Amino acid sequence: MPDLDILLCLPDDDTASWIDELVRALPAARVRPWRPGDRAAADYALVWRPPGEALAGRRRLKAVFNLGAGVDAVLALLAAQPDLLPPHVPLIKLDDAGMAPQMVQYVLAAVLRHLRRFPEYAALQRARRWQPLPGRDAGTHTVGVMGLGALGTPVATALAQLGFAVRGWSRSPRAVGQVACFAGQDALTDFLDGLDVLVNLLPLTAQTTGILDRTLFARLAPGAQLINIGRGAHLVEEDLLQALASGQLAQATLDVFRQEPLPPDHPFWEHPRIEVTPHVAALTLRRESARQIAARIARLERGLPVDGVVDRTSGY
């Protein structure tokens, strides 16, 4: 593989460890962090929420790698500035790169806490009340996973292996063992009806923005749990607060938000039935990601197809 110039653009200065891993995986490459004013040539750009300036005028680019599973920020940038990335230059997302096991752990922890009523027992503890609550059976506790991609499929599979009744919903038909799969808008109502837990792992697109709203919540079983680990813009926040107030939802576990960091005065912080985590459900692992990127660059340099190319029309 010839010498390559690789541009790394991250929203903070924590680039040294990324560069170390990339140099190990691509020893012949010259890897540099992007800084404002950088106009030097690059063969590949590795980005996370980049400013337009980082991609502007880079005519030698062969591909852009998004350092995470969600590509909505890059697609929003390209929608506003279409000339930044010509159609023949692929935008490539990471597939898993160590994120799937973390996502499985996060969801299992949240679902099991709800099944075994830990939030309710925490409230009883604060009130100093000794009150055993009726048990729940995983086999009759129906969990729905929205989004059956590289992260959603292992989550749904792990839930099924623990004995939960699991449904999965995706835009196009999928087959996942032990999971009742639904596909397309026409099947969404049947997927949602009576769910005890809803896990959202959808990509953010024009069609999925605001999908977690009062109409959707009304389809779930009374007292259902919501776990949102997709994107903050999937959720209509006011509708969630109303669903919790009415009892239609009993609890919500949220890892993503419309504004991040979550503002200090946001009502989610102090809500007794909302658990907030700071976008940590699955962190991109540098070594695994660098190896995946290196393998794909090697294929691109040989003129071979690669996985993870984003369809800019569909949004994922």
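Every number here is computed from the coordinates shown, using simple stated rules; none is lab data. Please read these numbers as outputs of a predicted model, since none were measured by experiment. Positions of Cβ are backbone-derived with ideal geometry, glycine not excepted, and every protein chain shown enters the neighbour counts.
Tell me, H234, H271 in order of fewest to most beta-carbon neighbours within 10 Å?
On the way: H234 24, H271 17.
Ascending number of Cβ neighbours within 10 Å: H271, H234.
Looking at G303, A56, L241, which one has the Cα that reaches farthest to the positive end of the dipole of the chain (charges on Cβ: Lys, Arg +1; Asp, Glu -1)?
Of G303, A56, L241, it is G303.
Tell me the net charge near P203. Cut-off is 15 Å between Cβ atoms, P203 excluded, with +1 for each Lys or Arg and -1 for each Asp or Glu. Mind showing how you got there, number by number?
Values: positive: K93, R171, R174, R231, R312; negative: D72, D95, D96, D311.
Charge balance near P203 sits at +1.
Determine the relative contact order of region 1-143: mean sequence separation of Cα pairs under 8 Å and six or more apart, normalised by residue count, in whole percent.
17 percent
About the Cα centre of region 189-316, what is the dipole size in debye to 20, counting +1 per Lys and Arg Cβ and -1 per Asp and Glu Cβ, all else neutral? Show your work: numbers first, answer last.
Numbers: 12 positive and 16 negative charges, 151 e Å.
Result for region 189-316 is approximately 720 debye, rounded to the nearest 20.
Determine, for each peptide in 144-157, 81-94, 194-207, the mean count of other beta carbons within 10 angstrom over its residues, then list the peptides with the highest first.
Ranking the peptides 144-157, 81-94, 194-207 by packing returns 144-157, 194-207, 81-94.
Given axes a ≥ b ≥ c from the Cα gyration tensor, I'd like to know whether the chain is rounded (a/c under 1.5), prolate (a/b larger than b/c) or oblate.
prolate
Sorted by mean Cβ packing within 10 Å, highest first, what order do the peptides 128-141, 61-74 take?
Listed from highest to lowest mean packing, they are 61-74, 128-141.
Just want the ordering: F118, F164, from fewest to most Cβ atoms lying within 10 Å of their own Cβ.
F118, F164
Using θ = phi - 60° and the Karplus form 6.51 cos²θ - 1.76 cosθ + 1.60, what ³J(HN,Hα) does each residue of region 171-181 get, whole Hz, x for Gly and Pro?
Taking θ as phi minus 60°, the curve returns 5, 10, x, 9, 10, 10, x, 6, 10, 7, 9 Hz for region 171-181.
Please label the shape of region 99-276 as rounded, prolate or oblate, based on the square roots a ≥ b ≥ c of the eigenvalues of the alpha-carbon gyration tensor (a/c under 1.5 means rounded; beyond that, a/b larger than b/c means prolate, else oblate).
oblate
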